[in-house]
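Shown next, in structure tokens, is the structure this report addresses.
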Amino acid sequence: MKTLKFLTYSAITILLISCGGANTPASKLFEIQITGKKAKFHQNETVDITVKNKKNKTINAVSYTLDGEKVDVKDNKLVLKTEKVGKKTVTAEITYDDDTVVEVSKKITVFASTAPSIYTYEILNEYPHNPNYFTQGLEFYKDTLYESTGKRGKSVLVKLDYKTGTIFKEHKLKDTQFGEGITILDNKIYHLTWQSNIGFVYNADTFKEIDQFTYGKSKEGWGFCNDGEKLYKSDGSEKIWTLNAETLIEESAIEVYTNSKKLIKINELEYANGKIYANTWQSGQDVAVIINPNSGIVEGIINFNGLKDKVTKTDNVDVLNGIAYNPTTKTFFVTGKNWDKMFEVALIKK
């Protein structure tokens, strides 16, 4: 009798699966299909969206969400209205047959709708820069320049006179730590390390350590900046994370995209005039980008090619890295890893 019951149960299970019953994965029954005019999807683009009915089920209703937010689809048309660019999830909730409800999802990538503006620069002044500094962070605070440097055994945090290079205060990291970006808010210096998964908080006047913090979902420590309330952290990927300045918890993230490309290796960061200015590492050119902190859209590309030719050539001279906005002069200051000069520049939109 037990054998008969087992066989009967097995037969029913097989029948349910073969007929698209309760045990059948939704993806075996339905699939979201999205087509647009181009191979890449862009913000505010109208695309065709349908549900492919693989098993000829009777579909009673379909509703859609984009990253969890309900969206209206009329005549199989979906408008990709989303503030943030990057990877998105489209989900269809499908009611079929006897009011059975399932969900299927599809991953898409949404790019910016317009190309970034191009900027060049004008050199206003040149200042000395320590050629031993493998620059990782650069920021003005109360008209004084702070700089952090990298390389294990050589990583330091310094406070200095930007016109002369005179050091007012210096703090050396442990030989095992590779220093990265810094940002300063409410007289606190927030300082990242690269792969040690640890950041430090110091008093901006004394350099006395106040606190330490570890990273959340972000992979590594790269660039750091703040908007007066929140902190922004890059980690070598296309993401820039937003941290709560009090708890130092990563609360959200943007993904950095142009109208045609994902940008990775976002390096040193600066927040100025409502935008994030960022160096990019190993892009093949000495450029910086201007990023909308709410959407992740690259709104501008700054061509800094030619600056490196003006520094003393040594075997150690490396890429452009270090961009700081001086609110007093309302100008930007840029330098590079092991450069012996720092340049005050005005940005010019082409």
Exercise. Could you tell me which numbered condition HIS191 fails, if it satisfies all but one of (1) assigned to a loop (DSSP other than H, G, I, E, B); (2) crowded, with 20+ Cβ neighbours inside 10 Å?
Key: (1)
Quiz prompt | Failed condition for SER237, given (1) open to solvent by less than 10 Å² (accessible area, probe 1.4 Å); (2) among the polar types (S, T, N, Q); (3) farther than 23 Å from ALA324 by Cβ | solution = (1)
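Restricting to the stretch 194-209, what's the tally of residues that are in a loop (DSSP other than H, G, I, E, B) and among the aliphatic types (A, V, I, L, M)?
First, pick out the residues of the stretch 194-209 that are in a loop (DSSP other than H, G, I, E, B): 194-197, 204-208.
Narrowing further to those that are among the aliphatic types (A, V, I, L, M): 204.
Here the count works out to 1.
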Exercise. Can you run down the residue pairs with Cβ atoms below 7 Å, 6 or more apart or on separate chains, where the first is in the stretch 198-215 and farther than 16 Å from VAL158 by Cα and the partner is charged (D, E, K, R)?
Key: ILE210/LYS188
Quiz item: Of all residues in the stretch 194-226 being touching a Leu at 6+ places or on another chain (Cβ under 7 Å) and open to solvent by less than 10 Å² (accessible area, probe 1.4 Å), which is farthest from ILE254 (Cα to Cα)?
Solution: GLY199
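Residues are listed down the side, and each one gets a yes or a no for (1) over 26 Å from GLU299 (Cα atoms); (2) of a type in the set (Val, Ile, Thr); (3) open to solvent by 90 Å² or more (accessible area, probe 1.4 Å):
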residue: GLU31; (1), (2), (3): yes, no, no
residue: LYS40; (1), (2), (3): no, no, no
residue: GLU45; (1), (2), (3): no, no, no
residue: THR50; (1), (2), (3): yes, yes, no
residue: LYS54; (1), (2), (3): yes, no, no
residue: THR58; (1), (2), (3): yes, yes, no
residue: SER63; (1), (2), (3): yes, no, no
residue: VAL71; (1), (2), (3): yes, yes, no
residue: ASN76; (1), (2), (3): yes, no, no
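Out of VAL104, VAL158, I need the residue that is in contact (Cβ under 8 Å) with a residue 40 or more places away in the chain and not small (Gly, Ala, Ser). Which one? Steps first, please.
Numbers: VAL158 fails: in contact (Cβ under 8 Å) with a residue 40 or more places away in the chain.
On inspection, the qualifying residue turns out to be VAL104.
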Quiz prompt | Count - residues of the stretch 309-346 that are under 26 Å from the mean Cα position of the chain (by Cα) and charged (D, E, K, R) | solution = 3
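Evaluate the stretch 152-160: report whether one residue or more is open to solvent by 80 Å² or more (accessible area, probe 1.4 Å) and part of a loop (DSSP other than H, G, I, E, B).
Going residue by residue through the stretch 152-160, those that are open to solvent by 80 Å² or more (accessible area, probe 1.4 Å) are 152, 154.
Those left that are additionally part of a loop (DSSP other than H, G, I, E, B): 152, 154.
Yes: the stretch 152-160 contains one or more residues that are open to solvent by 80 Å² or more (accessible area, probe 1.4 Å) and part of a loop (DSSP other than H, G, I, E, B).
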Quiz prompt | Options THR193, THR149, THR144: the member that is within 18 Å of PRO327 (Cβ to Cβ), of a type in the set (S, T, N, Q) and at pLDDT 95 or above | solution = THR144
Quiz prompt | Odd one out for LYS84 among (1) open to solvent by 80 Å² or more (accessible area, probe 1.4 Å); (2) on the phi < 0 side of the Ramachandran plot; (3) touching a strand residue (DSSP E or B) at 6+ places or on another chain (Cβ under 8 Å) | solution = (1)
Quiz item: If you scan the stretch 87-117, which residues turn out to be open to solvent by 70 Å² or more (accessible area, probe 1.4 Å) and assigned to a loop (DSSP other than H, G, I, E, B)?
Solution: ASP98, ASP99, THR114
Quiz prompt | Long-range neighbours under 6 Å by Cβ, at least six apart or interchain, first residue in contact (Cβ under 8 Å) with a residue 40 or more places away in the chain within the stretch 139-155, second acidic (Asp, Glu) and part of a strand (DSSP E or B) | solution = TYR146/GLU139
Exercise. Scan the stretch 289-322 for residues that are in a strand (DSSP E or B), of a type in the set (A, V, I, L, M) and open to solvent by less than 40 Å² (accessible area, probe 1.4 Å) and jot them down.
Key: VAL289, ILE290, ILE291, ILE297, VAL298, ILE302, LEU320
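Being at positive phi and touching a Ser or Thr at 6+ places or on another chain (Cβ under 8 Å) is the filter here; which residues of the stretch 42-58 pass it?
ASN44, the sole residue that qualifies.
The values are calculated or read from the model by the stated rules, or taken from the named source; none is laboratory data. These numbers come from a predicted model, not from an experiment. Glycine also receives a Cβ, built like all others from the backbone with ideal geometry; neighbour counts cover every protein chain displayed. Heavy atoms of the whole protein, side chains included, go into the accessibility calculation; ligands, DNA and RNA do not. Shrake-Rupley method; radii C 1.70, N 1.55, O 1.52, S 1.80 Å.
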